[in-house]
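> My structure is below; once you've seen it, I'll send some questions.
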Amino acid sequence: MGSDSALEQTVEKIIHNTEEQILSNLKDALKSSQDALSNSHVSLEQEYDRIISEGKKEAEKLEKQIIGNADLDSRNKQLVLIEESIEKVFDKAIKKIQDADRNSDYSKLISSMLEESIRTIGTPDIIIQTNSKDKSVVQSLLSKFPGATLSNDVIDCLGGIKVQSKDGTMKFDNTIDARLERLKPLIRKDIASKFGR
Amino acid sequence: MSTQGGVQYSKIAEIKGPLVVVDGVDSAAFDELVEIQTTGGEKRLGKVLEVGNGKAIVQVFEGTTGLSVSGTSAKFMGKVMEMPVSEEVLGRVFDGLGRPIDGLPDPIASKFLDINGEPMNPEQREYPRDFIQTGVSVIDGMLTLVRGQKLPIFSGSGMSHNILAAQIARQAAVVGTTDEFAVVFAAIGVQYSEAEYFKRSLEESGALKRSVLFLNLADDPAIERIITPRVALTVAEYLAYDLGMHVLVILTDMTNYAEALREISAAREEVPGRKGYPGYLYTDLSTIYERAGRLHGRKGSVTQMPILTMPSDDITHPIPDLTGYITEGQIVLGRDLFRQGVYPPVNILMSLSRIMKDGIGEGRTRADHQEVSNQNYDAYSRSQEVRALAGIVGKAGLTGVDLKYLEVGDSFEKDFLTQAVDENRTIEETLSLQWKVVSLLPKNELTKIKDKFIDQYYKER
């Protein structure tokens, strides 16, 4: 009977110890899983913040891209429209020049063109070319420029003259077309300023 | 802008390489613009290189292919080459001579500027300060670009310098100010695919709006390359000093520019200098690089980033050598890093930004910037020594601290140096990465950084 009681006590003790061990293990497991949960919460938050911040960056990039391209597109369309308007103004001006009267003012202009051409080429011995409309104007001025001769060939231009030295080595284009071409960048600027540019 | 017409001479004495010798000329000026007209009516531009004894030597930008002595004429325009400038040049694409190639009309000019620029009065120069953020960690963190600085990139054939250039052009910005920022990008003798890449890259990122592109392609006449950096810098100067913008000028590839200079020099039968380049290569390069800077009383700045490929990766070659004398430091791309797949493959141990110290620190970037950068430089340098030692004695023969330095070297290349092509890092992100690298070391190894910064930013790994 005595040995049975001792055995029972020992079994009780073992059961009790095992129970305590299991409970302690359970507590540890609970604590470590709680820790793991709270840690993963922090890393999850960090990951969440990272994704949000990257998304924001990407969105900002896209916004910049879309706005930048739209701004540029509209500016470019504006440039094309202004250029078309400038060309129209030029066409009208050219038409006006073509139809201009060959009066005394025009004769003065041709005379100054001749003076400028002789000065630029550096010799009075020149051959002058002009269009059919201006031939008579130039012819009437020849007496003022000894050494200058009028070529029989006519050139295709709005007006004005082309001169070359008699040895043919130097030429100077003083036609209205050439002058317009030279001054075009400045004239474009003036016209554009009328459109508020 | 001169409105006076010019005399056309039809007596061509000789055509030699890119040069045309015109006879019977008595009133031409040095650098005067010349219009060469072929028998077929085609017009090409050139400039006067020499005048005397009734002759003028004209350098034809678009080459002399197809020209013949008879039938060719040269019209002396009575002015130097000018670039029409206005705010409208932003967002535009031009060829190497400054003519639009984007299908849009010529810009309506506010001014016509001589492409050779005006020399800056040294007395009027302001010392370069203030930081330009490129979004590339290795540049912002360790080789900081400063407004008004000239900082070249020395690269080698086939390396990723063009990708880096495009990334800088897309991302560069001035931080902490509302001042406007612009990028002028001049591609000199680049391949068509590279030019398309630059253009597309700026268009797709929306950065084209604040950029101006000058594209001289590899199949364009070499002589045109002499003009490309000059027209680009003329536009940059206008944007900076007339419109008050901070302008970053990227010139790639300056080696092609120097090759063009050599071609002209050979055609003029000048006495060659080192490797056949003309003796005045240094002087000529300085006329380009010295156009960077800031001026007292003017709001804007011109910052230059010329890129050049070193033939055979030789840093003693005349082009990088002479460039290095003029510029304020250099960023060197390393072949080894490139082979390892590191982008951007910047070899920081051979690179330097001489005026970085004036553009960083409290109020500009962050108070700890200089110190953490110095520590990274020191640690990476030590890691290279340890790597070499490990190659001989093996890792087993290294001390604990040595092993830490090995880790630092790897982390520096993997975490800090390596960056995606479209990754735009802020200066805070860059500095955090620098701290991440040095935090691999024990605190007592951080001898370049003040304790207060260590306490604030060090995170033991």
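The values are calculated or read from the model by the stated rules, or taken from the named source; none is laboratory data. Small disclaimer: the values here were computed from a predicted structure and weren't measured. Here Cβ is always computed from backbone atoms with ideal geometry, including for glycine, and neighbour counts include all displayed protein chains.
> May I ask you to list the residues in region B:426-461 that are within 14 Å of another protein chain (Cβ to nearest Cβ) and touching a strand residue (DSSP E or B) at 6+ places or on another chain (Cβ under 9 Å)?
Within region B:426-461, B:Thr426 is the sole residue that qualifies.
> Only one of B:Phe453, B:Phe412, B:Phe416 is in contact with a helix residue (DSSP H, G or I) (Cβ under 8 Å, 6 or more places away or on another chain) and surrounded by fewer than 20 Cβ atoms within 10 Å (Cβ to Cβ). Can you tell me which?
None of the other options fit; the residue is B:Phe453.
> Only residues that are small (Gly, Ala, Ser) and modelled with pLDDT under 90: list them for region B:174-194, please.
Across region B:174-194, the qualifying residue is only B:Gly176.
> Of all residues in region B:406-461 being assigned to a helix (DSSP H, G or I) and of a type in the set (Lys, Arg), which is nearest to B:Arg170 (Cα to Cα)?
Ranking the candidates gives B:Lys414 first.
> What are the residues in region B:355-392 that are acidic (Asp, Glu), in contact (Cβ under 8 Å) with a residue 40 or more places away in the chain and in a helix (DSSP H, G or I), if any?
Answer for region B:355-392, where residues must be acidic (Asp, Glu), in contact (Cβ under 8 Å) with a residue 40 or more places away in the chain and in a helix (DSSP H, G or I): B:Asp358, B:Glu371, B:Asp378.
> Give the residues of region B:353-369 that are surrounded by fewer than 17 Cβ atoms within 10 Å (Cβ to Cβ) and either within 17 Å of B:Val421 (Cα to Cα) or of a type in the set (A, V, I, L, M, F, W, C) (or both), sorted by residue number.
B:Ala367
> What are the residues in region A:105-135 that are farther than 13 Å from A:Ile161 by Cβ and either assigned to a helix (DSSP H, G or I) or not assigned by TED's automatic domain parsing to the domain that holds A:Arg179 (or both), if any?
Residues satisfying the conditions are A:Asp105, A:Lys108, A:Arg119.
> Of the residues that sit in region B:1-29 and are within 19 Å of B:Arg225 (Cα to Cα) and modelled with pLDDT under 90, which one is nearest to the other protein chains (Cβ to nearest Cβ)?
B:Lys16
> Could you pull out the residue among B:Val386, B:Val393, B:Val401 that is surrounded by 18 or more Cβ atoms within 10 Å (Cβ to Cβ), among the hydrophobic types (A, V, I, L, M, F, W, C) and farther than 30 Å from B:Gly176 by Cβ?
Only one candidate qualifies: B:Val386.
> From the list A:Ile94, A:Ile121, A:Ile82, pick out the single residue that is within 32 Å of the chain's Cα centre (by Cα) and within 10 Å of chain B (Cβ to nearest Cβ).
A:Ile82
> Please enumerate the residues belonging to region B:386-397 that are modelled with pLDDT of 90 or more and either touching a helix residue (DSSP H, G or I) at 6+ places or on another chain (Cβ under 8 Å) or of a type in the set (Ser, Thr, Tyr) (or both).
Within region B:386-397, B:Val386, B:Arg387, B:Leu389, B:Ala390 meet the criteria.
> What number of residues within region A:151-176 satisfy the criterion of being buried (at least 18 other Cβ atoms within 10 Å of the Cβ) and outside any loop (DSSP other than H, G, I, E, B)?
Residues in region A:151-176 being buried (at least 18 other Cβ atoms within 10 Å of the Cβ) and outside any loop (DSSP other than H, G, I, E, B): 13 in total.
> Surrounded by 11 or more Cβ atoms within 10 Å (Cβ to Cβ), under 26 Å from the mean Cα position of the chain (by Cα) and either among the basic types (Lys, Arg) or in a helix (DSSP H, G or I) (or both), is that true of A:Leu62?
Yes; evaluated as a whole, the condition is true for this residue.
> Residues B:Gly24, B:Gly41, B:Gly71: which one is surrounded by fewer than 21 Cβ atoms within 10 Å (Cβ to Cβ), touching a Lys or Arg at 6+ places or on another chain (Cβ under 6 Å) and not assigned by TED's automatic domain parsing to the domain that holds B:Tyr238?
B:Gly24 is the lone residue from the list that is surrounded by fewer than 21 Cβ atoms within 10 Å (Cβ to Cβ), touching a Lys or Arg at 6+ places or on another chain (Cβ under 6 Å) and not assigned by TED's automatic domain parsing to the domain that holds B:Tyr238.
> Determine, yes or no, whether B:Leu33 is buried (at least 19 other Cβ atoms within 10 Å of the Cβ) and assigned by TED's automatic domain parsing to the domain that holds B:Glu203.
Criteria not met by B:Leu33.
> Residues in region A:65-74: is at least one at pLDDT 90 or above, loosely packed, with under 11 Cβ neighbours inside 10 Å and away from chain B (no Cβ under 14 Å)?
no
> Being among the aliphatic types (A, V, I, L, M) and over 21 Å from B:Glu123 (Cα atoms) narrows it down to one residue among B:Ala232, B:Ala292, B:Ala240; which is it?
B:Ala232 is the lone residue from the list that is among the aliphatic types (A, V, I, L, M) and over 21 Å from B:Glu123 (Cα atoms).
> Here is a further query. Conditions: (1) within 12 Å of another protein chain (Cβ to nearest Cβ); (2) in contact with a Gly (Cβ under 7 Å, 6 or more places away or on another chain). A:Lys61 meets all but one. Number of the miss?
(2)
> Of the residues B:Phe61, B:Phe94, B:Phe76, which single one is closer than 30 Å to A:Leu72 by Cα and crowded, with 16+ Cβ neighbours inside 10 Å?
B:Phe94 is the lone residue from the list that is closer than 30 Å to A:Leu72 by Cα and crowded, with 16+ Cβ neighbours inside 10 Å.
> Now for a different question. Within region B:344-356, identify whether any single residue is of a type in the set (Gly, Ala, Ser) and assigned by TED's automatic domain parsing to the domain that holds B:Gly158, and answer yes or no.
Yes: one or more hits.
> Still on this structure, please answer the following. Go through region B:238-258 residue by residue and tally those that are among the acidic types (Asp, Glu) and surrounded by fewer than 24 Cβ atoms within 10 Å (Cβ to Cβ).
1
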